[in-house]
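Only one structure is covered here, and it is reproduced in the block below.
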Amino acid sequence: MPVPAALHAEAGLTSVAVDEVLLLQPQLGQILLARKAISEADLAKGLSFQASFDGRLGAILVRIGAVSEDVVIDALAQQLGLGVVSVDTLPQDPEDYLAAIKASGLEVDWWIDQATLAWFGTDGAVHCISRDPLVPSLQEVLTEVYPGKALRWWLVRNRDLDFMMDLVRRAASGTDGATDDITHLRELAEEAPVVELVSNALSQAVNEGASDIHVEPREHEFDIRYRIDGVLQNRLTLPRSRFDAVASRIKLISGLDIAERRLPQDGRIGLRISGKDLDVRVSCLPGVWGESIVMRILLKEQKDFTLTKIGMAQDHYDIFAKLATEPYGIILVTGPTGSGKSTTLKATLEVVKDGKRKIITVEDPVEYNIVGVTQVQTKADIGYTFARALRSILRQDPDTIMIGEIRDLETAQIAVQASLTGHMVFSTLHTNDALTAFARLVDMGVEPFLVASSVRAVMAQRLVRRLCPHCRQPHEPPLPIREKSKQLQTLFPQLMDKPPQWFMAKGCPKCQNTGYRGRLGIYELAVVTDELSDMVQHQKPAHEMIAVARKNGFRDLLEDGLIKAWLGETSVEETLRVAGQAGVED
């Protein structure tokens, strides 16, 4: 294997050299503070833990969720002057490690117990990685078993070291390392490497702004993927033999049954990761090769969202904000899971929250804590459903009610009755576009005349990725897109009053080479006029309702997305990916 970037002259560290390096270099905690990677409180907590239980400060900070391992590794590299190797640059053949182990005269179990591996480099030196390369006794033993050889130490992430150690362990024993022993799994779930792997996965996901973590087993490996800006990105692939311990750790901290692998389970974790309070929803779904685990990350301390900040155009905002402050009626926000409906409703409540209204929400779960709003969490396992909660809420003298989702006829009927008796009701519905929401309510069993008389507006939305401002490139879209945009400019001149700024995604380190950073919403808003209300009551088809809605300035998701692509906020490709191509010539 070629040697990575050259190390300092003292790369073959002795125990004396280790002490000298640590004395001469700034302390790890000070480096992390200077980089603003941790807070003073995090450092104090880590040092207190270290004083009580011993251990390396970096590992402790990762374990308590103060910082991700990647950040610690970079700080250690600065402190010790050592290079960092990844799983891609390490020898991939376990025989390379076994050859060094055999030459040492030490048993494989000793190396596994020390969490250390070595291999012979083409430069004649013995290259070493370890979970703790600063242990003096480890330095002394390796210096003795490799006489006359220079030792070159590298820093390595625990997950990469564990991956290689699994390969060596299986190669040495000739087994796949699989186990079905529940007691043993519980023990593995409490071991430091597994605890650190799960904590680091959560920390890294928070640092990268991921909304979900997917742990997906395959026949011989399992993947850890992050959903960032709505798109899944692979972050780690590990041997399948380690999956059961990782899955058990996740289930253990989320209050799930480790022994149950045949039925779906749902749990929750309350954590403080990278200095942020999190609520993590965990879902386990049995599959062919094991349980698929998805962790939805919800930050309790959300940034201040407003309807304009999340992408709502000025004309939509003016209409929607005015309707939201009406005394009664229903406003529905529709879209699939993960389209930002909860965020929109939270921003809407911030608009109507004036201190003079009694605002109550019923949600499953409560995703955002809103000051000045009474929020109710449903509990289906004890029969406390949306419908039952709503009946209680109506006795609380509310002015405004927000229902997390209309899922069934009973909830829909209560929402309609509440709107007809002087309450403003906000809720979400799962439909593909705005105008099919009426048919969805009728399909649930609500009478068409009640739908027509209660619903004031329906808004559908999706999330598109924002172009990275650091690497976006000018790009002329195809002719059909330009022609469609000219038509839109005629219809919405107030939104497209500047020359077009077409850009395409490129990719740079600041956006993880995706070309995008952050997201914004695209919307279609249909206001229920007298003409549209009559069509709803008579159950006219959606395309006829769209034609009527367009007379009042309605535009669909694709058109709103193209306006934002014209303004340089997103790309045409991203708009077409999310909104589809219907309405634009091939």
May I ask you to derive the FRET efficiency for residue 30 and residue 473 from their Cβ-Cβ distance with R0 = 45 Å, giving the value to the nearest 0.05? 0.65
Not counting ligands, DNA or RNA, and with a 1.4 Å probe, what is residue 197's accessible surface area in Å² rounded to the nearest 10? 10 Å²
Residue 516 long-range amide H proximity, modeled H, under 5 Å: 468
Cα-based helix-to-principal-axis angle, 243-253 vs the chain, degrees rounded to 10: 60 degrees
Long-range amide H partners of residue 221, meaning residues 5 or more apart or on another chain whose placed amide H is closer than 5 Å, are 240
So what is log10(I(q)/I(0)) for the stretch 364-431 at q = 0.18 1/Å, when the Debye sum runs over its Cα atoms only? -0.67
Kirkwood-Stokes translational diffusion coefficient of the stretch 444-586, alpha-carbon pairs, 37 °C, 0.692 mPa s, µm²/s: 196 µm²/s
Give me the percent relative contact order of the chain, please, defined on Cα pairs under 8 angstrom at least 6 residues apart. 10 percent
Using the alpha-carbon atoms, what tilt in degrees (0 to 90, nearest 10) does helix 15-24 show relative to the longest principal axis of the chain? 50 degrees
Could you go through the stretch 335-341 in sequence order and give the Karplus-derived ³J(HN,Hα) for each residue, using 6.51 cos²θ - 1.76 cosθ + 1.60 with θ = phi - 60°, rounded to whole Hz, and x for Gly and Pro? x, x, 4, x, 8, x, 4
So who's got an amide H within less than 5 Å of the one on residue 570, skipping anything under 5 residues away but keeping other chains? H placed 1.01 Å off N, in plane. 467, 565
Can you pull the accessible area of residue 143 for me, 1.4 Å probe, Å² to the nearest 10? 70 Å²
Applying the Karplus parametrisation 6.51 cos²θ - 1.76 cosθ + 1.60 with θ = phi - 60° to the phi angles of the stretch 310-323, what ³J(HN,Hα) value in whole Hz is obtained for each residue in order, glycine and proline being reported as x? 8, x, 6, 5, 4, 5, 4, 4, 4, 5, 5, 5, 5, 5
With every protein chain present, what is the per residue accessible area of the stretch 237-363 (1.4 Å probe, Å²)? 43 Å²
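Roughly speaking, to the nearest percent, how much of the chain's 1.4 Å accessible area is carbon and sulfur?
Of all accessible area on the chain, carbon and sulfur atoms account for 50 percent.
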With the radius of gyration and the Kirkwood radius both derived from the Cα set of the stretch 273-330, what is their ratio Rg to Rh? 1.23
If all Cα-Cα distances of the chain are sorted into 20 Å bins from 0 onward, what percent lands in each bin, rounded to whole numbers? 17, 42, 29, 11, 1
Keeping all protein chains in position, work out how much accessible area residue 309 exposes to a 1.4 Å probe, and write it in Å² to the nearest 10. 130 Å²
Would you please name the GluC sites (Glu not before Pro) within the stretch 515-586 that are DSSP coil residues with at most 11 other C-beta atoms within 10 Å of their C-beta? 585
From largest to smallest, what semi-axes in whole angstrom does the stretch 236-294 give when each is the square root of 5 times an eigenvalue of its alpha carbon gyration tensor? 21, 15, 9
Extent of the stretch 260-374 along each principal axis, from alpha carbon coordinates, in Å, largest to smallest? 52, 30, 25
Formal net charge of residues neighbouring residue 518 (Cβ-Cβ distance under 9 Å; K, R +1; D, E -1): +3
In deg cm²/dmol, rounded to 500, what helix-only [θ] at 222 nm does the chain give when every DSSP H run of at least 4 residues adds -39500 (n - 2.57) and the total is split over its residues? -12000 deg cm²/dmol
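Taking the stretch 350-456, which chymotrypsin sites (Phe, Trp or Tyr not before Pro) meet the DSSP loop condition and have no more than 12 other C-beta atoms within 10 Å?
Here no chymotrypsin sites (Phe, Trp or Tyr not before Pro) fit, given the DSSP loop and packing criteria.
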Computed from the mean reciprocal separation of all distinct C-alpha pairs, what Kirkwood hydrodynamic radius does the stretch 206-246 have, in Å? 10.6 Å
Go through the cysteines of the chain and tell me which have no other cysteine Cβ under 4.7 Å away. 128, 284
Whole-Hz Karplus couplings 3J(HN,Hα) for the stretch 193-205, θ = phi - 60° and coefficients 6.51, -1.76, 1.60, Gly and Pro as x, run x, 6, 4, 5, 4, 5, 4, 5, 4, 5, 5, 5, 4
FRET efficiency (residue 192, residue 542; Cβ distance; R0 45 Å; to 0.05) is 0.20
Enter the angle in degrees (range 0 to 90, nearest 10) between the Cα long axis of helix 69-80 and the first principal axis of the Cα atoms of the chain, meaning the one along which they spread out most. 40 degrees
Above 15 angstrom, tally the Cα pairs of the stretch 505-586 and express them as a % of all pairs, no decimals. 65 percent
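The values are calculated or read from the model by the stated rules, or taken from the named source; none is laboratory data. Note that the coordinates shown come from a computational prediction; the quantities given were computed from them, not determined experimentally. Quick reminder, even Gly has a Cβ in these numbers, built from the backbone with ideal geometry, and neighbours come from all protein chains shown. Heavy atoms of the whole protein, side chains included, go into the accessibility calculation; ligands, DNA and RNA do not. Shrake-Rupley method; radii C 1.70, N 1.55, O 1.52, S 1.80 Å.
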